[in-house]
Number of protein chains: 2
Amino acid sequence: MAHVSISDAEWQVMNVVWEGQPLTSQEIVAQLADQADWAAATIKTMLHRLVKKKVLTFEQQGNRYVYRSCVRRADCVKQASRSFLQRVFESEPAPLLAHFMQTTKLSAEEIADLRRILDKKEAQK
Amino acid sequence: MAHVSISDAEWQVMNVVWEGQPLTSQEIVAQLADQADWAAATIKTMLHRLVKKKVLTFEQQGNRYVYRSCVRRADCVKQASRSFLQRVFESEPAPLLAHFMQTTKLSAEEIADLRRILDKKEAQK
DNA sequence: TGTAAATAACTACAAGTGTAAACGTTGTCA
DNA sequence: TGACAACGTTTACACTTGTAGTTATTTACA
């Protein structure tokens, strides 16, 4: 689980896998067809690399592979988030939060939810 | 301003520059001494690459260079943030915000500030 | 004014990335 | 059972990145 590093393009693949696993490579290729303009071979290469990195495993079924992630998305999100916070916001969460609040669209419910999280956070002090 | 891509290590250098510019390379090296364990030559290489990428400019003063950024930090932050949001949170800001709220420490004032931002955001609807 | 010290430029090199073609193997339909 | 299609494997290649040594140039002190 240590220092797995998932590249930009690989994240795109992993997002598909985490959402629909287990998936065959054809299914993955199909899912990605809208999002990215990759040759099937390109996606196969990435699957291969992800297996080598121990981020994915596969089971063979006939001549096709069925892929499954072997790291939890939440763990990868946590790791990537920490590194982003460090790199771009020099480990200061408040400006990061302010930035995203100000530059993105949020529905009324989402705002309410976020407020609730802040409430809870404050209560915990 | 388009698609400048600043790497991980380069961000560390740029953070120093943005904070103290204009700076000579020795000053940059000195600043980074605490943060990273890089040989001076390594930092010079990065400065060089950043100049080539048009992220930095320099002025020659005698035999030393004085560096200045030629892209605004805010622009780079915006770009990196958008790309992170896309990659890791599939362009959904609310989960991103929830994640960082829940996994980081925030002071009472910071929480208050964030609430204020949410208030304003809601009022704008 | 020559030589040492400082500084920037050039060169290096392995690992990772994006991108994909070529190849070999296996399954399937005629 | 033979040929084609489907699928995974291997090979490829240029670019980026992290990391730093080597070289050339400039300055400054003796």
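Per residue, chain A exposes 59 Å² of solvent-accessible protein surface, assessed with a 1.4 angstrom probe and all protein chains in place. Local charge for B:LEU97 was computed over the other residues whose Cβ lies under 10 Å away, with Lys and Arg +1 and Asp and Glu -1, and equals -3. Each 10 Å bin from zero up to the one holding the largest Cα-Cα distance in the stretch B:3-122 carries the following percent of pairs: 11, 33, 28, 21, 6, 0.
Helix A:40-52 sits at what angle to the longest principal axis of chain A, using alpha carbons and giving 0 to 90 degrees rounded to 10? Around 70 degrees separate the two axes. Rounded to the nearest whole Hz, the Karplus-based 3J(HN,Hα) values (6.51 cos²θ - 1.76 cosθ + 1.60, θ = phi - 60°) of the stretch A:102-119 follow the sequence 7, 9, 10, 8, 9, 7, 4, 5, 4, 4, 4, 4, 5, 4, 4, 5, 5, 4, with x at glycine and proline. Seen from B:VAL55, the other residues with C-beta closer than 10 Å to its C-beta sum to a net charge of +3, counting Lys and Arg as +1 and Asp and Glu as -1.
Among the trypsin sites (Lys or Arg not before Pro) in the stretch B:29-65, those located in a DSSP loop and surrounded by at most 16 other Cβ atoms within 10 Å of their own Cβ are B:LYS53, B:LYS54.
If R0 is 35 Å, what FRET efficiency do you get for A:ARG68 and B:SER83 from their C-beta distance, rounded to 0.05?
Values: r = 27 Å, r/R0 = 0.78.
With R0 = 35 Å, the Cβ-Cβ based efficiency is 0.80.
Across all directions, the shadow cast by the convex hull of the stretch A:24-83 built on its C-alpha atoms averages 4.8 square nanometres.
Can you give the accessible area buried between chains B and A, summed over both chains, with a 1.4 Å probe, in Å² to the nearest 100?
4100
First measure r as the distance between the Cβ atoms of B:ASP8 and B:ARG115, then evaluate 1/(1 + (r/R0)^6) with R0 = 30 Å and state the FRET efficiency to the nearest 0.05. Let's see the in-between values first.
On the way: r = 33 Å, r/R0 = 1.09.
Calculated transfer efficiency: 0.35.
Direction-averaged projected area, Cα convex hull, the protein assembly as shown: 17.0 nm², rounded to one decimal.
For the stretch B:49-69, the residues whose backbone nitrogen is under 19 Å from a point 7 Å from the Cα of B:GLN35, taken along Cα to Cβ, are B:49-58, B:66-69. Restriction of the GluC sites (Glu not before Pro) in the stretch A:1-79 to DSSP coil positions whose beta-carbon has at most 11 other beta-carbons within 10 angstrom yields no sites. Put simply, the amide H of B:CYS70, placed in the peptide plane, has neighbours under 5 Å in B:LEU56, B:THR57, leaving out anything fewer than 5 places away on its chain. For the protein assembly as shown, carbon and sulfur atoms together expose 49% of the accessible surface, with a 1.4 angstrom probe and every protein chain in place.
To the nearest 10 degrees, how steeply does helix B:25-35 sit against the main Cα axis of chain B, on a 0 to 90 scale? The helix B:25-35 is inclined about 50 degrees to chain B.
When chain B is treated as a Gaussian network with alpha carbon springs shorter than 10 Å, the biggest mean-square fluctuation among B:THR42, B:THR57, B:THR104 belongs to B:THR104.
The long axis of helix B:73-89 is offset from the longest Cα principal axis of chain B by roughly 50 degrees.
The values are calculated or read from the model by the stated rules, or taken from the named source; none is laboratory data. Computed from a predicted model, the values in this text were never measured in an experiment. Here the Cβ is made from the backbone with ideal geometry for all residues, glycine too, and neighbour counts use every protein chain on show. These area figures cover heavy atoms from the full protein model, side chains too; ligands, DNA and RNA do not enter into them. Shrake-Rupley method; radii C 1.70, N 1.55, O 1.52, S 1.80 Å.
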